[in-house]
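*Asks:* Sharing a structure below in structure tokens format, with a few things to ask.
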Amino acid sequence: MRDTSGMLQMSLSWLGLGPVAASPWLLLLLAAVSWLLARVLAWTYACYDNARRLRCFPQPPKRNWFLGHLGLVQPTEEGLRVLTQLVVNNPQGYMIWMGPIIPLVIFCHPDLVRSITNASAAVAPKNSFFYEFLKPWLGDGLLLSAGDKWSRHRRMLTPAFHFNILKSYVKIFNDSAKVMHAKWQCLITEGHTRLNMFEHISLMTLDSLQKCVFSFDSNCQEKPIGYIAAILELSALVAKRHQQLFQYKDFVYYLTPDGQRFRRACRQVHDFTDAVIRERRRTLPDEGADDFLKAKAKTKTLDFIDVLLLTKDEDGTGLSDEDIRAEADTFMFAGHDTTASGLSWVLYNLAKHPEYQERCRQEVEELLKDREPKEIECPGFTGNSWGLKAFNSSPGTPAASSIQSPFSKHCHIASSSPIVCHLQFFSALFCALETQKGPRPSLCLLGAPSLVE
């Protein structure tokens, strides 16, 4: 035994460890440190190689080597001017760094954007980095899920978008818009000359969604409501977290005051949705599905929760309460944010171009004629309508990409366009990145700010 120990000491003497090297624990520690060092070196080289390959994309000057471009575009009117100038200088696209090692490739040209939005999920998978910030709030709904679960839920949710269901929502939209218009009239009477359009329209869309998703009238446009305030707070906290490099890790974020606020707001939103689901599920077994639907048709609009509770897959299996909550919370977030941004962008362009505003006004008057808006169940705009042209040609609308980034809500009536982003982890379309092993670049699709032509 002594001979073996002596040989071990001699064989490791070149490391300068001396007699202590005979300890098996020190040998194990040495092996672990060597493995860790090898992994760090491999990861460092992969990051370097990744950055070298991405040099083909133009980059604006970094703020510094550590933060990269974080904070370059602030959520202010001046920040939008900076972003607009970036798009003007780089009409095809450019790249920025979120910290020292997280690249974000931004495509601005419609042809490049189209190639991504038309790509399959296998080629352009959902972003598993930035979307994780939303996971505790939105769960595994359509926005965050993927693969078989996404396909199953998408099929099961299709009935919720049937024309006969959607057209009955127009009256709800009209009523919510009337409340917003009445608020604006009061502000004008009081002498106000400026207002934050996005704030008012966000409340209007949240009001509409609460009625369509839950059949719940909170009157949130005229008085503060805890549930609505929690949704707005969650959106703001997610936006803020994107700009805080040290809060990207959950175990750090939830130790901060913002992380604790995020958890409290999540609980408040989930408690509200769970209470509605429990109440509806308690009433559902008392009658069959057909009788339930007939009763709803006589009393009020069939809402989103009703559809989710009644839907079944091919095997006759319905959605769990957790799945229903995830889908309802997803639609409350994504539905109000994208719609408010799109409407704000359209109003901004119409305000900048009175001639197009007048054409839209004439078209609406022609549609209404002698009727009241409440009598119209479905808008009768044609594909050539000026209203649809103003919306669809606006690159900052949901039609330009599939998801509104939560940190892009800067639209004021006197500011530039709201920017809609699509964040994805994306490597398969970049031949140069096929073999990379480091952090993959995210992809951000920007509708380049431009006025209606």
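*Asks:* I need a count of the residues in segment 184-222 that are in contact with a helix residue (DSSP H, G or I) (Cβ under 7 Å, 6 or more places away or on another chain), farther than 27 Å from residue 277 by Cα and not hydrophobic (A, V, I, L, M, F, W, C).
*Replies:* 1
*Asks:* Restricting the search to segment 283-308, which residues are in contact with a Phe, Trp or Tyr (Cβ under 9 Å, 6 or more places away or on another chain) and at pLDDT 85 or above?
*Replies:* If the condition is that a residue be in contact with a Phe, Trp or Tyr (Cβ under 9 Å, 6 or more places away or on another chain) and at pLDDT 85 or above, then 304, 305 are the ones that fit.
*Asks:* Is it true that residue 148 is without any contact (Cβ under 8 Å) to a residue 40 or more places away in the chain, more than 30 Å from residue 99 (Cβ to Cβ), touching a helix residue (DSSP H, G or I) at 6+ places or on another chain (Cβ under 6 Å) and of a type outside the set (Phe, Trp, Tyr)?
*Replies:* no
*Asks:* Let me ask something else. Could you tell me which residue of segment 348-376 is modelled with the highest pLDDT, considering only residues that are surrounded by 14 or more Cβ atoms within 10 Å (Cβ to Cβ) and over 25 Å from residue 198 (Cα atoms)?
*Replies:* Once the filter is applied, the top-ranked residue is 367.
*Asks:* Of 108, 56, which residue is of a type outside the set (Phe, Trp, Tyr), touching a helix residue (DSSP H, G or I) at 6+ places or on another chain (Cβ under 8 Å) and loosely packed, with under 14 Cβ neighbours inside 10 Å?
*Replies:* 56
*Asks:* Any chance segment 127-142 includes a residue that's acidic (Asp, Glu) and surrounded by 15 or more Cβ atoms within 10 Å (Cβ to Cβ)?
*Replies:* Scanning segment 127-142, I find at least one residue that is acidic (Asp, Glu) and surrounded by 15 or more Cβ atoms within 10 Å (Cβ to Cβ), so the answer is yes.
*Asks:* Is there a residue being more than 24 Å from residue 109 (Cβ to Cβ), assigned to a loop (DSSP other than H, G, I, E, B), aromatic (Phe, Trp, Tyr) and not assigned by TED's automatic domain parsing to the domain that holds residue 239 anywhere in segment 48-56?
*Replies:* No: segment 48-56 contains no residue that is more than 24 Å from residue 109 (Cβ to Cβ), assigned to a loop (DSSP other than H, G, I, E, B), aromatic (Phe, Trp, Tyr) and not assigned by TED's automatic domain parsing to the domain that holds residue 239.
*Asks:* Moving on. Which fully enclosed helices (runs of 4 or more DSSP H) of segment 161-247 have 3 or more residues being surrounded by fewer than 17 Cβ atoms within 10 Å (Cβ to Cβ) and not assigned by TED's automatic domain parsing to the domain that holds residue 98?
*Replies:* Answer list for segment 161-247: 163-166, 170-189, 226-242.
*Asks:* Could you go through segment 161-174 and let me know if any residue there is under 19 Å from the mean Cα position of the chain (by Cα) and free of Cβ contacts under 8 Å to residues at least 40 places away in the same chain.
*Replies:* Looking for residues that are under 19 Å from the mean Cα position of the chain (by Cα) and free of Cβ contacts under 8 Å to residues at least 40 places away in the same chain, one finds none in segment 161-174, hence no.
*Asks:* Which residue pairs have Cβ atoms closer than 7 Å, lie 6 or more positions apart in sequence or on different chains, and pair a first residue in segment 40-65 that is under 12 Å from residue 101 (Cα atoms) with a second residue that is modelled with pLDDT under 90 and loosely packed, with under 14 Cβ neighbours inside 10 Å?
*Replies:* Pairs found: 46/437.
*Asks:* With respect to the numbered conditions (1) under 19 Å from residue 311 (Cα atoms); (2) surrounded by 20 or more Cβ atoms within 10 Å (Cβ to Cβ); (3) modelled with pLDDT under 85, which one is the sole condition not fulfilled by residue 153?
*Replies:* (3)
*Asks:* Hey, another quick one. Give the residues of segment 265-280 that are exposed (fewer than 14 other Cβ atoms within 10 Å of the Cβ) and in contact (Cβ under 8 Å) with a residue 12 or more places away in the chain, sorted by residue number.
*Replies:* 278
*Asks:* Looking at 215, 202, can you tell me which residue is touching a residue at least 40 places away in the same chain (Cβ under 8 Å) and on the phi > 0 side of the Ramachandran plot?
*Replies:* Within the list 215, 202, the selection yields 215.
*Asks:* Specify which of the listed residues (405, 341) is under 29 Å from residue 141 (Cβ atoms) and at pLDDT 50 or above.
*Replies:* On inspection, the qualifying residue turns out to be 341.
*Asks:* Additional query: Quick one: what pairs do we get from segment 95-110, first residue touching a residue at least 24 places away in the same chain (Cβ under 8 Å), second surrounded by fewer than 18 Cβ atoms within 10 Å (Cβ to Cβ) and aromatic (Phe, Trp, Tyr), C-beta under 9 Å, 6+ apart or different chains?
*Replies:* So the pair list comes out as 98/248; 99/66; 99/248; 100/65; 100/66; 102/129; 102/248; 105/430.
*Asks:* For residue 191, state whether it is under 25 Å from the mean Cα position of the chain (by Cα), on the phi > 0 side of the Ramachandran plot and not polar (S, T, N, Q).
*Replies:* no
Yes/no per residue for (1) farther than 22 Å from residue 324 by Cα; (2) at pLDDT below 90; (3) not hydrophobic (A, V, I, L, M, F, W, C):
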| residue | (1), (2), (3) |
| --- | --- |
| 206 | no, no, no |
| 215 | no, yes, yes |
| 222 | yes, yes, yes |
| 234 | no, no, no |
| 238 | yes, no, no |
| 244 | yes, yes, yes |
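*Asks:* Of everything in segment 72-89, what is buried (at least 20 other Cβ atoms within 10 Å of the Cβ) and part of a loop (DSSP other than H, G, I, E, B)? Give them in sequence order.
*Replies:* Correct list: 73 only.
The values are calculated or read from the model by the stated rules, or taken from the named source; none is laboratory data. What you see is a predicted model, and the numbers here were worked out from it, not measured in a lab. A quick note on method: Cβ atoms are made from the backbone with ideal geometry, for glycine too, and the neighbour counts reach across all protein chains shown.
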